[in-house]
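Taking it in order: structure first as C-alpha cells, then the write-up.
Values quoted throughout were computed directly from the atomic coordinates according to the rules given, and no laboratory measurement underlies them. It should be emphasised that the depicted structure is a prediction, and the values quoted were computed from it without experimental measurement. Here the Cβ positions follow ideal geometry from the backbone for every residue, glycine too, while neighbour counts run over all protein chains shown.
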Ligand code: NAD
C-alpha cells in the first residue's frame, strides 16, 4: 500500500489545473501578482445555441470558449462536444493548452471550447446547424490572429470545415487559418490526423529508453479508442509493441496474445463498438487500467487515474494521450511506485504542434510534405522531452512538475517582459 495519505481529492479539473500550476510557481518562486495573472483565464464566453431539430422542435444548447492566455501568441485549443462539458472543465483544458504550447515552445497562448451536447444523438444536419451557430456565437473572439480552434473529443475535421466556412462567410473571404485539424482538401495539414498519436509515440519511445524497456517487445493497454488512442495503438504496434487491451466509452477488449489495432478500428467503425472483436475477451474500463502491462495509454477523458485506483496501476510507463487523466493525488502515488508518467502537456502536444504547422502553411499558402511535417514534429517533441527531463532532474521532481516548471517559467518571462497595459 502507498504511504501517501490524502483523505479526499477534488475531481474539479480547474482546481486540479490550479494545483499543478501552484506546484511549479513555488519552484519558480513567483510572487503573488504574477501567480494571479497566470492563473486567471483572460476571457470566458458562455453562449446559448438555439438549434432547429429535424422534427421542427427548437432546442437550446450551452457552449463555451475560454481564452486562458494570449501572452505568447493567439489562443489555441480544441472544441469538445460532450454532454458533461462544464465551464470549469473548459477553463482547465484552456490553461493546460497554455502550458502545453509553452512546453513545446510554439508561439501560442491557450484556449478551449465546448458544447454541452451528446453529438451521437444528433443527425448530421442537426450537428451542422449546431456547429455553425456555435461558430457564429464565438466568432466575436476567434480568428486566425486571435484564437484558433481545433478538434477534440467528439469533434472531427468535418466540424472544423463547417466552422471555417461559417467564419469565412461572416468575414466575406476564405479564412483558412481560423481553425486547424481541417480536411486535407480545405487547407488541412498532412500528418495532422495522426499528430497527437505520433507525439505520444515519440515521447513513449524516449520514456522507454529512460526506463530500460524494449518497446519492440513491450505490452500496451489503451483506454479510449478515438483519434488519439486508436492511432497511438497503431503506431506503437508498428514499433513492435503488443496491444493487449483497448476500450471505448462502451467497454473494452483484452487479449494476452495481442490485438491488431488497425483491424480493431475497422471493426469499431463497422459495428459501432469493440465488443465481439474476434479472439478477444471483454474487459471493463476499470479492469483495463489495472492490467499487468509495460505501458498504459489513457486516451479518453479527465480523472481516469485517481486516488481510488492509482495504487493498483501496474504499468511502468503512463503515456497521457488524454488531457488531465491523472489527479495530483494519483500522481504522487504513481511517483512513489516508480511509474514514469509522460505528462499530458508533453505527451499529447503533437496535436497542437502540427496544428501550428497547419496554421503556418495556411497563412503562407504553401504546403509541406508529410515527411517534412513528421520530421519537424519529431524534432519538436524530442527537444521538448529532453528539456522537460532535464528540468525535472535539475529540480529533482517528476516529469509533470518538470514540464510545468519549464512552461510556467516561459509564460512568466513573456508576461514580465510584455509588462502590464496601460
Ligand atoms: P475522440 O472523440 O476521437 O475519441 C474519444 C474516445 O474516447 C472514443 O473512443 C470514446 O468512445 C472514448 N471514450 C469516451 N468516454 C470514455 C470513457 N468514459 N471511458 C473510455 N473511453 C471513453 O477524441 P480524441 O480527440 O481522441 O480525444 C481523446 C483525448 O485526447 C481527450 O482527452 C483529448 O482532450 C485529448 N487530446 C486530443 C487531441 C487531438 O488532436 N484530437 C490532442 C491533444 C489531446
* To do: Based on other C-beta atoms within 10 Å, arrange 359, 368 from fewest to most.
  => 368, 359
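Sum -39500 (n - 2.57) across every DSSP H segment of at least 4 residues in the chain, then divide by the residue count to get the 222 nm mean residue ellipticity, nearest 500.
On the way: 14 runs with 193 residues, N = 422.
Result for the chain: -14500 deg cm²/dmol, rounded to the nearest 500.
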* To do: Provide, for q = 0.10, 0.11, 0.14 Å⁻¹, the log10 of I(q)/I(0) from a solvent-free Debye sum over equal Cα point scatterers in the chain.
  => -0.65, -0.79, -1.32
* Structure fact -> Over all pairs of different Cα atoms in region 279-422, the reciprocal of the mean inverse distance gives a Kirkwood radius in Å of 17.2
* **Extension gain (nm, one decimal) between residue 414 and residue 36, 0.36 nm per residue minus Cα-Cα** => 134.6 nm
* Asked: If you rank 331, 279 by fewest surrounding Cβ atoms within 10 Å, what's the result?
  -> 279, 331
* How would you rank 395, 68, going from fewest to most other Cβ atoms within 10 Å of each one's own Cβ? -> 395, 68
* Once fully extended, how much extra length lies between residue 86 and residue 123, figured as 0.36 nm per residue of separation less the alpha-carbon to alpha-carbon distance? -> 11.0 nm
* To do: Report the full-extension gain for the segment residue 263 to residue 287: residue separation times 0.36 nm, less the Cα-Cα distance, to one decimal in nm.
  => 6.4 nm
* P(r), alpha carbons of region 5-63 - 10 Å bins starting at zero, rounded % -> 17, 29, 22, 17, 12, 4
* Radius of gyration and Dmax over the Cα atoms of region 43-188, both given in Å -> 14.4, 48
